[in-house]
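Notes follow once the structure below has been shown.
The values are calculated or read from the model by the stated rules, or taken from the named source; none is laboratory data. All figures in this text were calculated on a predicted structure; none of them were measured in a lab. Glycine gets a Cβ as well: all are built from the backbone with ideal geometry, and neighbour counts include every protein chain shown.
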């Protein structure tokens with residue numbers, strides 16, 4: 001895949017989303033491994049932080065001591081960002097090696113899709129930790 005890189009290639013800025021099925025000249029493509037992994041880490045980090053912040057709001061809405069809710073939301077969002085970095089790094093490497101082996105091009109929308117799927121799986125795996133009486 002490294003041999004297919006155009007001469008004037010510059011890495012698109014984050015979050016430059018491109019429709020995967022546009023004209024080839026208009027697509028924003030990621031060619032380098034570090035670019036793909038960085039895009040996936042950023043999307044995973046932001047999606048997981050948002051999911052954790054929202055779920056902590058819904059989970060802790062039934063707590064009697066309301067003054068601790070902002071601290072809990074910030075801490076849980078930080079936890080989501082940290083797990084997003086770790087999961088994004090692992091998913092990014094796996095995604096890169098699959099795409100590189102199959103010689104596919106990685107469009108800038110693909111890391112977003114990986115981040116959404118990874119965030120959904122992350123939330124489903126943590127679902128038993130949610131207090132059921134707050135739903």
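Of note:
- Within the stretch 30-51, tally of residues that are modelled with pLDDT under 80 and buried (at least 19 other Cβ atoms within 10 Å of the Cβ): 1
For (1) at pLDDT below 80; (2) part of a helix (DSSP H, G or I); (3) more than 15 Å from residue 38 (Cβ to Cβ); (4) touching a strand residue (DSSP E or B) at 6+ places or on another chain (Cβ under 6 Å), each residue gets a yes or a no:
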position: 75; (1), (2), (3), (4): no, yes, yes, no
position: 86; (1), (2), (3), (4): no, yes, no, no
position: 89; (1), (2), (3), (4): no, yes, no, no
position: 93; (1), (2), (3), (4): no, yes, no, no
position: 101; (1), (2), (3), (4): no, yes, yes, no
position: 104; (1), (2), (3), (4): yes, no, yes, no
position: 111; (1), (2), (3), (4): no, yes, no, no
position: 117; (1), (2), (3), (4): no, yes, yes, no
position: 122; (1), (2), (3), (4): yes, yes, yes, no
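- For the stretch 5-26, the count of residues that are modelled with pLDDT of 75 or more and outside any helix (DSSP H, G or I) is zero.
- Restricting the stretch 55-68 to residues that are modelled with pLDDT under 75 and surrounded by 15 or more Cβ atoms within 10 Å (Cβ to Cβ), the residue that is farthest from the chain's Cα centre (by Cα) is 60.
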